[in-house]
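Here the structure is laid out as structure tokens; the discussion comes afterwards.
Only the coordinates and a few stated rules stand behind these numbers; no lab work does. Just so it is clear, the structure is predicted and the values come from calculations on it, not from any experiment. Every residue, glycine as well, gets a Cβ built from its backbone with ideal geometry; the counts of neighbours run over all protein chains shown.
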Amino acid sequence: MEINRENLPLDQILLEDSLQLLRNLPDQCVDLVVSSPPYNLGKEYESRQALEIYLKEQTAVLLECSRILKNTGSLFWQVGAFSDRGMLIPLDIRFFPILESCRLIPRNRIIWARQHGLHAQKKFSCRHETILWFTKSDNYKFNLDPIRVPQKYQNKKHYRGNRKGELSCNPEGKNPGDIWLFRNVKHNHEEQTIHPCQFPEDLVTRIILATTNKNDIVLDPFMGSGTVAVVARDSERHFIGSEIEPKYYQVALRRLNGNPDKNGYFPNLKTLRDYVERTGQSIDKFKFEVQVGNKASERSKAKIYPEEYHLQEMEDRLIYEESAFAANLRGEEIPVDPKLNGNGKKTSLQNPIVKQVEEVEQTELRLWS
Ligand SMILES: C[S@@+](CC[C@H](N)C(=O)[O-])C[C@H]1O[C@@H](n2cnc3c(N)ncnc32)[C@H](O)[C@@H]1O
């Protein structure tokens, strides 16, 4: 179905309620909806409402999102948990049937793992949020090549059979999987603005590159500081969005505009750095608003590592994959995994926990021999 793009507010963020924007858009006009809606968590921009009222409002927004999505389109809805006096309801559990009732088809439930967060006193600390990916039909786009991450054993070869000597895995890298570890946009993050809940740009880039093509249209009904707009533009896609809060709307416009305000301020450090690189001006002149084996072995011979080791392994690996992804996006040299020497062989590790485990292992081996 062909749409007339001239009637769309292309490459604009409107300062208005998301439903107002959505209701003015024609059927099947956007390729991707990606958003983190207000969570009803009592953040400064929200009034605390009953969960059911909140979900009813969100249902109205999602019905419209489904209507305006093209047949080949995708929707990514990023949510955390609703918490009230110690009770915690993971919101994706409540959103899942709502999205199904909007006649959308589930594809992935992505875990966005966090290294840091609040330390709970009476329950396990939350260390993840979720991103639900639904599509309008089975005829959806998924471009794996632009979002591949390095294989763990990139140079591993078949050691027998017809393909002996050939690489046993795709040299271009692997599917990044459904556990993502993009760093929170908090302290010391160059993208941080005055908005309390920003998307990291790389997270949005992965979604946009995977599910759209150049010139496609990406919509975020809850733009906040404008991350989806900035990434869509930088990825040569078009954007449409709405934001109800004037101060965040202004931040989004200033991120897109890329120039300092009359007092020499930028909305974040990244916009400032981009500007001085582009213009050759001195960085000192400007300021930004926020500082920012297949064979079974006997148990007695199994290597037993403490839990910290496994946690550290997962974290180190995912951090490495995301940094390699970021380097790839920026055309920089892909870093070598610090734990592997580039040939799929383990290197001696600097990590104190791993070093400690290696020492324990060696002591154990001496005891066994
Ligand atoms: C979780 S934040 C989105 C942050 C955004 N992903 C970013 O990277 O900055 C949700 C945003 O929705 C806005 N919002 C809340 N209700 C809205 C409504 N009815 N229409 C449009 N925007 C709304 C809030 O002001 C807030 O900025």
Under the 7 Å Cα-to-Cβ spin-label approximation, Ile93 and Asp274 lie apart by a distance in nanometres of 3.9
When Lys174, Lys285 are arranged by how many other beta-carbons sit within 10 Å of their Cβ, fewest first, they go Lys285, Lys174
With +1 at each Lys and Arg Cβ and -1 at each Asp and Glu Cβ, the charge dipole magnitude of the stretch 140-203 around its Cα centre, to the nearest 20 debye, comes out at 660
Ranked on Cβ counts within 10 Å of their own Cβ, fewest leading, Ile147, Ile194, Ile208 go Ile194, Ile147, Ile208
The FRET efficiency for Glu332 and Asn213, from their Cβ-Cβ distance with R0 = 35 Å and rounded to 0.05, is 0.90
Given pairs Lys152/Lys339; Lys122/Lys186; Lys152/Lys174 and cut-off 19 Å on Cα-Cα distance, the over-length ones are Lys122/Lys186
At R0 = 35 Å the Cβ-Cβ FRET efficiency linking Asp261 and Asn7, nearest 0.05, sits at 0.60
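Applying a 10 Å radius around every beta-carbon, put 315-325, 135-145 in order of their mean neighbour count, most first. Let's see the in-between values first.
On the way: 315-325: 18.1, 135-145: 14.4.
So the order, starting with the most tightly packed, is 315-325, 135-145.
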Once the dipole of the stretch 152-285 is set up from charges on Cβ (+1 Lys and Arg, -1 Asp and Glu), the residue from the list Gly165, Phe222, Val276 lying farthest towards its positive end is Gly165
